[in-house]
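Engineer: Before we start, here is the structure in question, set down as structure tokens.
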Amino acid sequence: MNSLRLIVLLTILLLCSPVKAQTDSLLLASSNYYPHYAADLPQQGAVSEIIRQAFLLQGIDISIDFMPFARAYRESRQANYIGLVAAWYNDERAQHFYYSQPLYANQIVFFKRKDQPISYREYSDLAQQHLRLAVVQGYLHLPGLLESGIATEQVATDEQAFHMLARGRVDLVPADKFNGLYLLDEKMPQFAGSLEWMTPALELRPMYLLLSKQDPRSEALIQRFNTGLTELRQSGRYQQIIDNLLPQHDVH
């Protein structure tokens, strides 16, 4: 009788105990940012795979929901998702998120139409030429660019910005060079012959994993992620991911 009661009690305890997989699984929000991360890329892109594998080295699985960047940022900040797959740094964001070690950097350039000669020395020169800029809502902007007084059009996605540029509704789009080239080659090849990127590059801007400070797990998890990312780099698998998912891209 005592043995039977013991078995019943142990069974109840096992059924009521939290499932380990649930505590070791995280839900992240993300936008589509080709070719670095997107819902329809192999492995959801190099950035997603780097984050996934770094967490797996710590025994943590992740899932990613994709949406426009402004919504992904807002939902993550409110801890409806524990974090954001990748974003750039600024002080305001750091008030609400823990930042990981850098994943790798984006090379920010201006894209323009080939038939429109544009030259400038300072951003204020662009405003004086009455040029128009398409910017993605929620993205960080180059220091001094919007302050120059240049006219801007806000859009929800990078694709919308490049459509506006190709159709002459704006004159410039600041974007990651590889993001722009990918969109033109893969998503809108009809515009590939009419748009180009300008030299020199405006900025090298690292991407980071962001975890919400509203979630009590985040501070410890960002440390575990950083440990996993270091292990991933040291093992050589980080570079394999870059080589497989970002071929011919010079990652900094």
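Engineer: Tally up the residues in the stretch 189-242 that are farther than 22 Å from LEU28 by Cα, over 21 Å from the mean Cα position of the chain (by Cα) and among the small types (Gly, Ala, Ser), please.
Structural biologist: 5
Engineer: Within the stretch 197-216, how many residues turn out to be charged (D, E, K, R) and either touching a helix residue (DSSP H, G or I) at 6+ places or on another chain (Cβ under 9 Å) or part of a loop (DSSP other than H, G, I, E, B) (or both)?
Structural biologist: Total satisfying the criteria: 2.
Engineer: While we're looking at this one, here's another question. Which residue, of LEU184, LEU211, LEU165, is without any contact (Cβ under 8 Å) to a residue 60 or more places away in the chain, crowded, with 20+ Cβ neighbours inside 10 Å and closer than 22 Å to GLN43 by Cα?
Structural biologist: LEU184
Engineer: Search the stretch 188-200 for residues that are within 15 Å of VAL170 (Cβ to Cβ) and pair each with any residue that is open to solvent by less than 60 Å² (accessible area, probe 1.4 Å) and assigned to a loop (DSSP other than H, G, I, E, B) when their beta-carbon atoms are under 8 Å apart and the residues are at least 6 apart or on different chains.
Structural biologist: From residues that are within 15 Å of VAL170 (Cβ to Cβ), the pairs are MET198/ILE118.
Engineer: Moving on to the next point. Residues to consider are TYR139, TYR98; find the one that is hydroxyl-bearing (Ser, Thr, Tyr) and modelled with pLDDT under 95.
Structural biologist: TYR139
Engineer: Here's another thing I want to ask about it. Return a yes/no flag: does the stretch 100-122 have any residue that is more than 26 Å from LYS213 (Cβ to Cβ), of a type in the set (Gly, Ala, Ser) and without any contact (Cβ under 8 Å) to a residue 24 or more places away in the chain.
Structural biologist: Looking through the stretch 100-122, at least one residue is more than 26 Å from LYS213 (Cβ to Cβ), of a type in the set (Gly, Ala, Ser) and without any contact (Cβ under 8 Å) to a residue 24 or more places away in the chain.
Engineer: What's the number of the only condition in (1) buried (at least 16 other Cβ atoms within 10 Å of the Cβ); (2) under 30 Å from SER76 (Cα atoms); (3) of a type in the set (A, V, I, L, M, F, W, C); (4) touching a strand residue (DSSP E or B) at 6+ places or on another chain (Cβ under 7 Å) that ALA151 fails to meet?
Structural biologist: ALA151 satisfies every listed condition except (1).
Engineer: So which of LEU172, LEU232, LEU165 ends up being modelled with pLDDT of 95 or more and closer than 27 Å to HIS96 by Cβ?
Structural biologist: LEU232
The values are calculated or read from the model by the stated rules, or taken from the named source; none is laboratory data. Keep in mind that what you see is a predicted model, and the values were worked out from it rather than measured. Note: ideal-geometry Cβ built from the backbone for every residue, glycine included; neighbour counts use all protein chains shown. The accessibility values were calculated without ligands, DNA or RNA, using every heavy atom of the protein model including side chains. Shrake-Rupley method; radii C 1.70, N 1.55, O 1.52, S 1.80 Å.
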